[in-house]
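Read the structure below first, then the notes.
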Amino acid sequence: MTTIARSKVKEITGEPNGEIADTAIFYTVFLIVLALILSFLTIHWFAPGDFGYSAAMHYHGVMVPVLILMYLLAQKMFDLGIPSERLYTAGAILAIILVGTGSIFNNSKGISLAAVVQITGLFITDCLGVILLASMALYALKKEEKTKKPDMAFWLLFASISAILMAASLGHLAGWCLDLGTRSIPGLNALLETTNMNPKGFQSDLVTSHSHLIVAALLSGLAALTARCFWYQSNTGWKKRVCNLGLGVTLIALLSATAIYTICAITGWNPPVLFTSGPSGIPLDDLVLTTGEGGILITMAGLFLSPAPTGIKSSRTIKGTIKIAVSLNWVLGFAGAVLLGIYIELHEGFYGTGLPPAPGAINDSIFIRAHLLYAFFLLPTILAVSLALGIKYNHARARGLWPMLFVWTSILGMVLGLAGELIWFVTKADSIFIIGMSVMIISLVAGMISMWRYGIKNPGEADHEGIQP
């Protein structure tokens with residue numbers, strides 16, 4: 001294909017900018033898969049209820065690299081002009097290694113070598129986010145004619161990174177309280193007295209606000225990258241308006257959630273419960289998060305109904321097949337976390353927020369663990385890897401063994417995962433859920449091999465294959 005034709009395809013499709021991130025993205029995926037496999041060998045993930053300390057640290061060991069993968073994909077997809085991109089990608093790999101290593105050995109509260117290693121990795125991760133956010137701000141302020149105007153996906157990603165940094169700050173403060181105690185924080189006693197909070201309640205509110213906000217922000221950022229990955233910027237007419245509507249709804253919900261969780265963490269305020277009936281009802285923050293996820297589904301409807309840009313037969317490309325898996329990922333995640341969660345909240349008289357002597361307490365505890373593992377652990381991981389492959393195989397025809405194995409295995413695993421969650425929730429039998437999780441991990445291995453096969457071993461082989469000049 002000629003240089004002119006390549007440039008034309010890039011203009012039409014919004015092909016990712018830059019070439020130096022491929023190796024860093026592959027090693028990020030490799031380290032994510034390694035951390036995930038190690039965690040399933042050492043942590044008893046399938047115990048009902050919330051995560052304990054060790055499981056939470058292993059969760060960070062996987063999800064922080066997923067967050068960094070999102071940063072690297074954003075760097076590759078937007079021409080942000082990040083200074084010293086080699087140093088940026090090197091910092092990303094270093095952060096993943098430090099966080100992953102620290103998470104494996106950080107099994108108890110308090111200061112330890114493992115905790116210091118993990119905290120160092122988290123600090124570097126924060127720096128990566130600040131650099132990316134600053135680069136996006138400078139990009140938005142440019143007034144050059146050649147600079148494309150930031151779109152709704154850009155602003156959602158910007159808000160997502162901002163919310164992630166806010167949530168990270170709350171998490172660091174919670175970690176400080178856990179390791180050193182609340183008395184070691186200057187001025188905190190005055191805040192607690194003013195807000196009538198006790199140290200234990202303050203610490204609990206920090207953890208809750210951090211965990212809820214950072215998951216919502218990560219999913220919102222991945223939604224923004226999903227829109228860019230599947231040609232949102234080339235849409236016109238009603239299809240573009242549908243996508244903008246969905247992204248706008250998610251953006252408003254994320255900004256609202258950021259405000260709510262920040263206030264909750266600092267003041268101890270509890271969001272009101274809406275649609276109450278006895279002990280049942282939907283808390284305001286859950287309603288906001290549900291709205292944000294609904295916006296993502298609207299966006300996916302606009303993307304799924306949109307054909308590929310002129311010059312690309314998406315049904316014949318690997319990326320077109322990945323689009324199906326990504327759409328299913330969002331739908332199944334909504335069903336496994338939001339729909340089932342709302343059902344439980346509207347029947348709290350039976351489920352009792354997971355506390356005995358409520359007859360459905362154990363079922364609620366099973367849901368807590370199942371949706372954390374499925375909707376907020378493995379699904380976002382598969383989604384991030386799917387987007388990485390979608391960018392890499394931007395125009396490649398659907399004939400590669402490993403990428404197609406990844407796509408269809410991930411679809412099988414996601415379907416089994418949701419079926420297993422529902423069966424575990426209703427019958428207390430977790431075998432189907434465990435099988436689904438195992439298949440999803442196998443799919444990630446196939447995705448990693450795909451990136452090695454075409455991204456490292458044969459760089460550039462898949463990028464433009466199948467496009468006619």
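Points to keep in mind about this one:
- Test result for Ala301, out of contact with any strand residue (DSSP E or B) (no Cβ under 6 Å at 6 or more places or on another chain) and surrounded by fewer than 21 Cβ atoms within 10 Å (Cβ to Cβ): yes
- Test: residue in region 396-409 that is surrounded by fewer than 22 Cβ atoms within 10 Å (Cβ to Cβ), among the small types (Gly, Ala, Ser) and over 26 Å from Gly49 (Cα atoms): yes
- Among residues of region 177-189 being open to solvent by 50 Å² or more (accessible area, probe 1.4 Å) and aliphatic (A, V, I, L, M), the one that is nearest to the chain's Cα centre (by Cα) is Leu178.
- Residues being outside any helix (DSSP H, G or I) and either farther than 17 Å from Leu373 by Cβ or of a type in the set (D, E, K, R) (or both) - total across region 398-430: 5
- Index of the failed condition, Leu222 passing every other in (1) surrounded by fewer than 22 Cβ atoms within 10 Å (Cβ to Cβ); (2) touching a Pro at 6+ places or on another chain (Cβ under 7 Å); (3) in contact (Cβ under 8 Å) with a residue 60 or more places away in the chain; (4) closer than 30 Å to Phe51 by Cα: (1)
- Residue match in region 190-212 (condition: open to solvent by less than 50 Å² (accessible area, probe 1.4 Å), closer than 26 Å to Asp79 by Cα and assigned to a loop (DSSP other than H, G, I, E, B)): no
- Evaluating Leu157 against the criteria (1) touching a helix residue (DSSP H, G or I) at 6+ places or on another chain (Cβ under 6 Å); (2) surrounded by fewer than 21 Cβ atoms within 10 Å (Cβ to Cβ); (3) closer than 30 Å to Tyr232 by Cβ leaves one unmet condition, (2).
- Cβ pairs under 7 Å, 6+ apart, first in region 250-275 and more than 13 Å from Glu293 (Cα to Cα) and of a type in the set (Val, Ile, Thr), second open to solvent by 60 Å² or more (accessible area, probe 1.4 Å) and not in a helix (DSSP H, G or I): Ile263/Trp269
- All conditions in (1) more than 24 Å from the chain's Cα centre (by Cα); (2) closer than 30 Å to Val331 by Cα; (3) surrounded by fewer than 16 Cβ atoms within 10 Å (Cβ to Cβ) hold for Ala259, with the sole exception of (1).
- Hey, Leu379 assigned to a helix (DSSP H, G or I), touching a residue at least 40 places away in the same chain (Cβ under 8 Å) and open to solvent by less than 10 Å² (accessible area, probe 1.4 Å) or not: yes
- A single member of Ile32, Ile124, Ile37 is closer than 27 Å to Ser438 by Cα and open to solvent by less than 50 Å² (accessible area, probe 1.4 Å), and it is Ile32.
- Residue among Leu372, Leu339, Leu332 that is open to solvent by 10 Å² or more (accessible area, probe 1.4 Å), within 24 Å of the chain's Cα centre (by Cα), without any contact (Cβ under 8 Å) to a residue 24 or more places away in the chain and under 28 Å from Val62 (Cβ atoms): Leu339
- Across region 78-121, the number of residues qualifying as in a loop (DSSP other than H, G, I, E, B), touching a residue at least 60 places away in the same chain (Cβ under 8 Å) and farther than 24 Å from Ala56 by Cα comes to 2.
- Among the residues listed as Gly294, Gly281, the single one being open to solvent by less than 30 Å² (accessible area, probe 1.4 Å), on the phi > 0 side of the Ramachandran plot and not polar (S, T, N, Q): Gly281
- Residue in region 193-201 that is out of contact with any His (no Cβ under 8 Å at 6 or more places or on another chain) and either of a type in the set (Gly, Ala, Ser) or under 27 Å from Ser386 (Cα atoms) (or both) present: yes
- Residue match in region 228-250 (condition: touching a Pro at 6+ places or on another chain (Cβ under 8 Å) and under 23 Å from Phe154 (Cα atoms)): yes
- The residues in region 85-121 that are open to solvent by 60 Å² or more (accessible area, probe 1.4 Å) and of a type in the set (Asp, Glu) can be counted, and the count is 0.
- One residue alone among Ala174, Ala253, Ala227 is open to solvent by less than 30 Å² (accessible area, probe 1.4 Å) and at pLDDT 95 or above, and that residue is Ala253.
- When Gly354, Gly417 are checked against the criterion of being surrounded by 20 or more Cβ atoms within 10 Å (Cβ to Cβ), at pLDDT below 95 and closer than 21 Å to Phe51 by Cα, a single residue qualifies: Gly354.
- Residue match in region 55-77 (condition: in a loop (DSSP other than H, G, I, E, B) and either surrounded by fewer than 20 Cβ atoms within 10 Å (Cβ to Cβ) or not acidic (Asp, Glu) (or both)): no
The values are calculated or read from the model by the stated rules, or taken from the named source; none is laboratory data. Computed from a predicted structure; not experimentally measured. Glycine gets a Cβ as well: all are built from the backbone with ideal geometry, and neighbour counts include every protein chain shown. Quick note on the areas: whole protein, heavy atoms, side chains included, nothing else; ligands and nucleic acids left out. Shrake-Rupley method; radii C 1.70, N 1.55, O 1.52, S 1.80 Å.
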